[in-house]
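Novice: For reference, the structure I am asking about is given below.
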Amino acid sequence: MREVRVRFAPSPTGPLHIGGVRTALYNYLFARKLGGKFILRIEDTDQGRFVPGAEQYIIESLTWSGIHFDEGVHIGGPYAPYRQSDRKEIYHQYALQLLQNGTAYYAFDTPEELDAIRKQYESRKETFQYGPQTRMGLKNSLTLPENEVKEMLDAGVHNVIRVTIPEHETITVHDLIRGVVTVDSALLDDKVLYKSDGMPTYHLANVVDDYLMKISHVIRGEEWLPSAPLHVLLYRFFGWEKEMPEFAHLPLLLKPDGNGKLSKRDGDRLGFPVFPLRWTDPKTNEVSSGYRESGYLPEAFVNMLAFLGWNPGTEQELFTLDELVQEFSIERVSKSGAKFDVEKAHWFNHQYMSKKTPAELAALLIPILELKNIKASLEYVEQVCALIHDRAVLIPDLFTQSHFFFLDPESYDEKVVAKIWKTETPTLLAEYIPVLEATEPFIKENIEINTKEFVQNKGIGMGQLMNPLRLTVVGTNAGPGMMDMMAVIGKEFIIPRIRQCIEKIKG
Ligand code: GLU
């Protein structure tokens, strides 16, 4: 069997969309599962769309996601260079090869001339295609005399190299996800392969590089399916049919309502990030949020992405990256688009957060505390995390769920006060303070025994004391068990909070 070599080939035209991360992920899983190689190639032949920082962003996003490469622009490899702009010299000879064997030709029409023709067609409600039906009426090496063509080339007249699409032919693409796809070549146009700026277009560079880099499988988004027939033709024109990779076009990622593709432009409009990491547009300074900065764990992000278009065929939903490698198969990738579901994204993250140990959660909470200038020992933060471990959906929730372990309440929830604060409450709390003072050591079991004794002596229910007590400590009616919480916070902080609350509510 052929060595498995797959590539992720993004164009650095902006931040990588989560659909792109999913494409990289499926390629990665495929390569790892079959013991193959995974390559990062940067397709930057369209200089007009180049965005500074985008390449770095792509690499950082995939590194954060845990998707690693065997060869690529950032690590080198036997087929380097892996950035197409560094391979510029390679492509011209291949364009010449097609010119020589008659499957490509020079076209000299200027953009203005083509625009004018396009407009004429539009005025007749027709669409212009540079192709089998029109090429013989246009300015190219098929219609102009040979000596004129030579003169124009020698004089450096603006020209492009176009592929000669056969007039009527059924082109067959075998797709591992979609099966056999056939296209009538009449629907294709004579695409430009080589541009006047001395750069290949995507189609030429992509096919040449896949061939030279010995790519065995092309796994990419569905938006590239329309290009596949042209690529199949190019493999034939070059005489590389035996080396042609197998194709797999992945289903689209759809907006949550299923209405259309989840696009980069959706940004934060739909209430969730469409980018793995925060991105600041270098031109407009506009900031788009990222999964990392929003507090998602990379392992949850990747697990969620894996399920957008694939499923293992069992009930299991939680998979580590290694488990995904074991389970993944291209046959189980669906044909239909996958709707993004923000609730599901939260669910995945919550699952992974809940599985973390207190020490792991503390490592996530400490940077948040540092940003807020809150000092606490590692041991203390771990104790806090042990009490709130399944309460955080996203990383910042670790603080929202625990701020009262670090800070006194700033205010008291009025609704809760109205409900639970009775005339006798201040006296009751004041009488309870000595009970806490006398509890030594101040551990959960002792607090529990002494508190029970106190409420029994008073002849009241536990709730009558616990509800206002919680209000004094937390500021509202939320938080983990009172006894656990008090033991962790310590009486030296609890008692002043009780006093402060009595004062504030009175005032
Ligand atoms: N450069 C293309 C992109 O940005 C690659 C498509 C392919 O994988 O062939 O998606």
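The values are calculated or read from the model by the stated rules, or taken from the named source; none is laboratory data. Predicted, not measured: the structure shown is a model, and the values here were computed from it. As a convention, Cβ positions derive from the backbone with ideal geometry for all residues, glycine included, and neighbour counts pool all protein chains shown.
Novice: Inside the range 132-163, can you point out the residues that are assigned to a loop (DSSP other than H, G, I, E, B) and within 38 Å of the chain's Cα centre (by Cα)? It would help to see each step written out before you state the result.
Specialist: Residues of the range 132-163 that are assigned to a loop (DSSP other than H, G, I, E, B), as a first pass: 132-134, 138-139, 141-145, 155-159.
Of everything in the range 132-163, nothing turns out to be assigned to a loop (DSSP other than H, G, I, E, B) and within 38 Å of the chain's Cα centre (by Cα).
Novice: If only one of Pro468, Pro441, Pro434, Pro426 is within 24 Å of Glu382 (Cβ to Cβ), at pLDDT 95 or above and not aliphatic (A, V, I, L, M), which one is it? Before the answer, list the steps.
Specialist: On the way: Pro468 fails: within 24 Å of Glu382 (Cβ to Cβ); Pro434 fails: within 24 Å of Glu382 (Cβ to Cβ); Pro426 fails: within 24 Å of Glu382 (Cβ to Cβ).
Criteria check complete, one pass: Pro441.
Novice: Under 9 Å between Cβ atoms, at least 6 apart or on separate chains: pull out the pairs that start in the range 101-125 with a residue that is among the polar types (S, T, N, Q) and end on any residue that is in a strand (DSSP E or B) and surrounded by 13 or more Cβ atoms within 10 Å (Cβ to Cβ).
Specialist: Sorted first by the residue in the range 101-125, then by its partner, the pairs are Thr103/Val163.
Novice: Sticking with this structure for a sec: In contact with a Pro (Cβ under 9 Å, 6 or more places away or on another chain), more than 15 Å from the ligand (Cβ to nearest atom) and touching a residue at least 24 places away in the same chain (Cβ under 8 Å) - does that describe any residue in the range 34-54?
Specialist: For the range 34-54, residues in contact with a Pro (Cβ under 9 Å, 6 or more places away or on another chain), more than 15 Å from the ligand (Cβ to nearest atom) and touching a residue at least 24 places away in the same chain (Cβ under 8 Å): present.
Here is a yes/no grid of residues against (1) at pLDDT below 95; (2) closer than 30 Å to Leu305 by Cα; (3) buried (at least 18 other Cβ atoms within 10 Å of the Cβ); (4) of a type outside the set (A, V, I, L, M, F, W, C):
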| position | (1), (2), (3), (4) |
| --- | --- |
| Asp189 | no, no, yes, yes |
| Asp197 | yes, no, no, yes |
| Ala205 | no, yes, yes, no |
| Met213 | no, yes, yes, no |
| Ile219 | no, yes, yes, no |
| His231 | no, yes, yes, yes |
| Gly239 | no, no, no, yes |
| Leu250 | no, yes, yes, no |
| Gly260 | yes, yes, no, yes |
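Novice: Now a separate question. What about Val21, is it among the hydrophobic types (A, V, I, L, M, F, W, C), within 13 Å of the ligand (Cβ to nearest atom) and outside any helix (DSSP H, G or I)?
Specialist: Values: among the hydrophobic types (A, V, I, L, M, F, W, C): yes; within 13 Å of the ligand (Cβ to nearest atom): yes; outside any helix (DSSP H, G or I): no.
So Val21 does not fit the description; no.
Novice: A further question on this structure: Within the range 55-84, take every residue that is free of Cβ contacts under 8 Å to residues at least 40 places away in the same chain and of a type in the set (S, T, N, Q) and give me the one that is farthest from the ligand (Cβ to nearest atom).
Specialist: Only one residue tops the list, namely Thr63.
Novice: I need the full set of residues from the range 1-18 which are in a loop (DSSP other than H, G, I, E, B), near the ligand (Cβ under 10 Å from one of its atoms) and over 14 Å from the mean Cα position of the chain (by Cα), in order please.
Specialist: The answer is Ala9, Ser11, Pro12, Thr13.
Novice: Can you pull out every residue in the range 287-317 that is in a loop (DSSP other than H, G, I, E, B), touching a strand residue (DSSP E or B) at 6+ places or on another chain (Cβ under 7 Å) and aliphatic (A, V, I, L, M)?
Specialist: Leu308
Novice: Then there's this: For Asp268, work out the one condition from (1) in contact with an Asp or Glu (Cβ under 9 Å, 6 or more places away or on another chain); (2) free of Cβ contacts under 8 Å to residues at least 40 places away in the same chain; (3) of a type outside the set (S, T, N, Q) it doesn't fulfil.
Specialist: (1)
Novice: Any idea which residue in the range 114-172 is nearest to Ala228 (Cα to Cα), counting only those that are touching a Leu at 6+ places or on another chain (Cβ under 9 Å) and of a type in the set (Lys, Arg)?
Specialist: Arg162
Novice: Another question, then. Checking Val416 against (1) part of a helix (DSSP H, G or I); (2) hydrophobic (A, V, I, L, M, F, W, C); (3) under 28 Å from the mean Cα position of the chain (by Cα), only one condition comes out false. Which one?
Specialist: Among (1) part of a helix (DSSP H, G or I); (2) hydrophobic (A, V, I, L, M, F, W, C); (3) under 28 Å from the mean Cα position of the chain (by Cα), Val416 violates only (3).
Novice: Let me ask another. Take residues that are within 16 Å of the ligand (Cβ to nearest atom) and tell me which of the strands (runs of 3 or more DSSP E) falling wholly in the range 178-233 contain 3 or more. Write out each step before concluding.
Specialist: Values: elements: 179-184, 192-194, 217-221.
Because the criterion is at least 3 residues that are within 16 Å of the ligand (Cβ to nearest atom), the strands (runs of 3 or more DSSP E) in the range 178-233 that meet it are 217-221.
Novice: Turning to a different aspect of this structure: Of the residues that sit in the range 282-304 and are without any contact (Cβ under 8 Å) to a residue 24 or more places away in the chain and of a type in the set (Asp, Glu), which one is nearest to Arg49 (Cα to Cα)?
Specialist: It comes out as Glu286.
Novice: Please indicate, with yes or no, whether at least one residue in the range 52-74 is at pLDDT below 95, under 30 Å from Gly19 (Cα atoms) and assigned to a loop (DSSP other than H, G, I, E, B).
Specialist: Just the residues of the range 52-74 that are at pLDDT below 95, to begin with: 52.
Add one more test, that the residue is under 30 Å from Gly19 (Cα atoms), and what stays is 52.
Then keep just the ones that are assigned to a loop (DSSP other than H, G, I, E, B); that gives 52.
Checking the range 52-74: at least one residue is at pLDDT below 95, under 30 Å from Gly19 (Cα atoms) and assigned to a loop (DSSP other than H, G, I, E, B).
Novice: Still on this structure, I have one more. For the range 131-160, give me the residue count where each residue is within 10 Å of Ala107 (Cα to Cα) and not hydrophobic (A, V, I, L, M, F, W, C).
Specialist: 7
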